[in-house]
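Enquirer: Here it is, the structure, as structure tokens.
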Amino acid sequence: MGSIIIIAPPAAGKGTQSKYISDKYKIPHISTGDLLRDEIHRGTELGIKISKIMKSGSLVSDEIILNVLINKIKNLDSYILDGFPRNIYQAREYERLIHEFHKTIDKVFYIDLPKEKSKERILSRLSCSKCGKVYNTAFEETKPKKANICDDCESKLTERDDDTEEVFEHRYQIYINETKPLLDLYNKEKLLYTINGSLDKMSIFREICSVLEGDK
Ligand SMILES: [Zn+2]
């Protein structure tokens, strides 16, 4: 296996599927968000710079993300990328860089979810104001037992400040403008596999496994 890339709109379960793949095939799950937070946590020179950028509310540049990512993956053979690439520039630079290390992209999964479902899932997220447990009323299995009350500590559930329709529309537009064009790129490279994101998460995972194990 080489690297695996997952492209999906917000709330299509990218993080969940990455974790499932990582657990089953024993390959690292690499989230660029986690890598950036790790740099900050370790207080590296780059971490201090990243922290300033994030605090100012700006986006971390493609160069910084690529830099942090390459450091992490240069000694790995197989891994799953979560949250990367987000745009054509990152995708092209990534291919150029891994080529230098004689690595390849193995497969790219597109978890296809209609905009309305993506929005519904984002706007149905709740978290416990006390213990932080996360719920989602869009799914039976992640609903709290009592409406708006935490199953674990009985505290009140609240919406996250950034889970508003306005923030969703903005994020979704960035996804359409910047991330979705990657589908054409990977389709031309014959790396793309589309999975129906409206299925439940275990069914999505089974589809991914059958592609990875060569049944499709
Ligand atoms: Zn709680």
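All of the numbers you see were taken from the coordinates with simple rules; none came from a lab. All values reported here derive from a predicted model rather than from experimental measurement. Neighbour counts are summed over all protein chains in view; Cβ atoms, including those assigned to glycine, are modelled from backbone coordinates with ideal geometry.
Enquirer: Within a Cβ distance under 9 Å of Ser127, other residues only, what is the Lys/Arg minus Asp/Glu net charge? Before the final figure, lay out the partial values.
Expert: Values: positive: Arg125, Lys133, Arg160; negative: Glu159.
Neighbour charge sum, excluding Ser127 itself: +2.
Enquirer: Could you give the dipole magnitude of the range 1-59 about its Cα centre, charging the beta-carbon of Lys and Arg +1 and that of Asp and Glu -1, in debye to the nearest 20? Walk me through the numbers before you get to the answer.
Expert: On the way: 9 positive and 5 negative charges, 16 e Å.
It comes to approximately 80 debye.
Enquirer: Sticking with this structure for a sec: Just order 108-117, 90-99 by mean Cβ neighbour count inside 10 Å, highest at the front, would you?
Expert: For the peptides 108-117, 90-99, the packing ranking is 108-117, 90-99.
Enquirer: List the residues, sorted by chain then number, that are 5 or more residues from Ser31 or on another chain and whose placed amide H is less than 5 Å from its amide H.
Expert: Asp82
Enquirer: Suppose every Lys and Arg Cβ carries +1 and every Asp and Glu Cβ carries -1, with no other charges. What dipole size does the range 99-216 come out with about its Cα centre, to the nearest 20 debye?
Expert: 180
Enquirer: Taking the Cβ of Arg171 as the center, what net charge do the other residues with Cβ under 12 Å away carry, scoring Lys and Arg +1 and Asp and Glu -1?
Expert: Once positives and negatives cancel, what remains is -3.
Enquirer: Taking the highest mean first, how do the peptides 123-133, 10-20 order by number of other beta carbon atoms within 10 angstrom per residue?
Expert: 10-20, 123-133
Enquirer: For Ile48, what is the net charge nearby, where nearby means another residue's Cβ is under 14 Å from its Cβ and Lys, Arg count +1, Asp, Glu -1? Before the final figure, lay out each step's value.
Expert: Working: positive: Arg37, Arg42, Lys49, Lys52, Lys55; negative: Asp38, Glu39, Glu45.
For residues surrounding Ile48, the net value is +2.
Enquirer: Can you give me the long-range amide H partners of Lys143? Hydrogens built in the peptide plane at 1.01 Å from N, cutoff under 5 Å, separation of 5 or more residues or another chain.
Expert: Asn136
Enquirer: Given the chain, what percent of its DSSP beta bridges are antiparallel, to the nearest 5? Don't skip to the end; give the middle numbers.
Expert: Working: 7 of 23 bridges.
Of those bridges, close to 30 percent are antiparallel.
Enquirer: Could you go through the range 6-12 in sequence order and give the Karplus-derived ³J(HN,Hα) for each residue, using 6.51 cos²θ - 1.76 cosθ + 1.60 with θ = phi - 60°, rounded to whole Hz, and x for Gly and Pro?
Expert: Ordered by residue, 3J(HN,Hα) equals 10, 10, 6, x, x, 6, 8 Hz.
Enquirer: Obtain the nm distance between the two label points defined at Ile53 and Lys117 by a simple spin-label model: each point lies 7 Å from its Cα along the Cα-to-C-beta direction.
Expert: Taking the two extended label points, one gets 3.4 nm.
Enquirer: Between Ser129 and Glu95, 0.36 nm times their residue separation minus their Cα-Cα distance comes to what?
Expert: Result: 8.0 nm gained on full extension.
Enquirer: Under a point-charge model restricted to the Cβ atoms of Lys and Arg (+1) and Asp and Glu (-1), what is the dipole moment magnitude of the range 1-133 relative to its Cα centre, in debye to the nearest 20? Working shown, then result.
Expert: Numbers: 23 positive and 16 negative charges, 118 e Å.
Dipole about the Cα centre, nearest 20: 560 debye.
Enquirer: Quick one: if you stick a label point 7 Å off each Cα along the C-beta vector at Asp200 and Val167, how many nm between them?
Expert: Reported label-point gap for Asp200 and Val167 is 3.0 nm.
Enquirer: Please report the relative contact order for the chain, taking Cα pairs under 8 Å with a sequence separation of at least 6, and give it as a percent rounded to a whole number. Walk me through the numbers on the way to the answer.
Expert: Working: 292 pairs, mean separation 58.8, N = 216.
Averaging sequence separation for qualifying contacts and normalising by length gives 27 percent for the chain.
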